[in-house]
């Protein structure tokens, strides 16, 4: 039943994307994808993953790829892009169709909150990721979206920055870092004890006189990065 719901959700997302205007599709694979990958590279720098600051010549699995909007951007930067979604494997129970230690990086955007069997999902990430490889996860931050989280019927597990960090620790990942889900901001937004609060509440929803435009919107999601141990 879960797989049926997730598959229908995927079909609806792809159908909506396919029926959208050419301009909207171009914006998604262009500006939106660029902002996502720019943020990924910036956060790898901030976290200290110097050997993986660039995607060039890296094998990258997009786990829960949807319409594969980040694919062209990764390819343009010299990365090897491999997409997979529910139509190929049920992340709740199936083994991913890849070899052990195959990928330099796994990107999984807004997927983990849809997974009921997190043990299979995390175990497969760990299996197919190379030693020293990076996992990059995003998910709604339940601290700031608890009123709307379950409005999406495919959401089954909520996370906060603390719970996603603890989950990664349980699975043996190292150099774990969590950041507010803002894109292409200065380092100030991503650093400090109160980084999640300042990104959730300091940015204003509406334009206010004398307030710079970069203070628009609110960050109600969390980005997590972690490294598979070398040993």
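Residues in the stretch 189-215 that are out of contact with any helix residue (DSSP H, G or I) (no Cβ under 9 Å at 6 or more places or on another chain), part of a loop (DSSP other than H, G, I, E, B) and either loosely packed, with under 10 Cβ neighbours inside 10 Å or at pLDDT 70 or above (or both): 193, 194, 205, 206, 209, 210, 212. Looking for something part of a loop (DSSP other than H, G, I, E, B), closer than 26 Å to residue 165 by Cβ and over 16 Å from the mean Cα position of the chain (by Cα) - is there at least one such residue anywhere in the stretch 108-123? Within the stretch 108-123, one or more residues are part of a loop (DSSP other than H, G, I, E, B), closer than 26 Å to residue 165 by Cβ and over 16 Å from the mean Cα position of the chain (by Cα). Here the stretch 111-128 is the region considered, the condition is being in contact (Cβ under 8 Å) with a residue 60 or more places away in the chain and within 20 Å of residue 68 (Cα to Cα), and the residue that is surrounded by the most Cβ atoms within 10 Å (Cβ to Cβ) is 125. For the stretch 60-76, indicate whether the set of residues that are more than 27 Å from residue 159 (Cα to Cα) and part of a loop (DSSP other than H, G, I, E, B) is non-empty. Checked against the condition, which is being more than 27 Å from residue 159 (Cα to Cα) and part of a loop (DSSP other than H, G, I, E, B), the stretch 60-76 yields no hits at all. Every test in (1) more than 20 Å from residue 226 (Cα to Cα); (2) at pLDDT 95 or above is passed by residue 69 save one, and that test is (2).
Can you tell me which of 91, 142, 103 is at pLDDT 95 or above, in contact with a strand residue (DSSP E or B) (Cβ under 7 Å, 6 or more places away or on another chain), over 23 Å from residue 218 (Cβ atoms) and surrounded by 14 or more Cβ atoms within 10 Å (Cβ to Cβ)? Show your work before the answer.
On the way: 91 fails: in contact with a strand residue (DSSP E or B) (Cβ under 7 Å, 6 or more places away or on another chain); 142 fails: over 23 Å from residue 218 (Cβ atoms).
The conditions single out 103.
The values are calculated or read from the model by the stated rules, or taken from the named source; none is laboratory data. Just so it is clear, the structure is predicted and the values come from calculations on it, not from any experiment. Note that each Cβ is placed from the backbone with ideal geometry, even for glycine, and that neighbours are counted across all protein chains shown.
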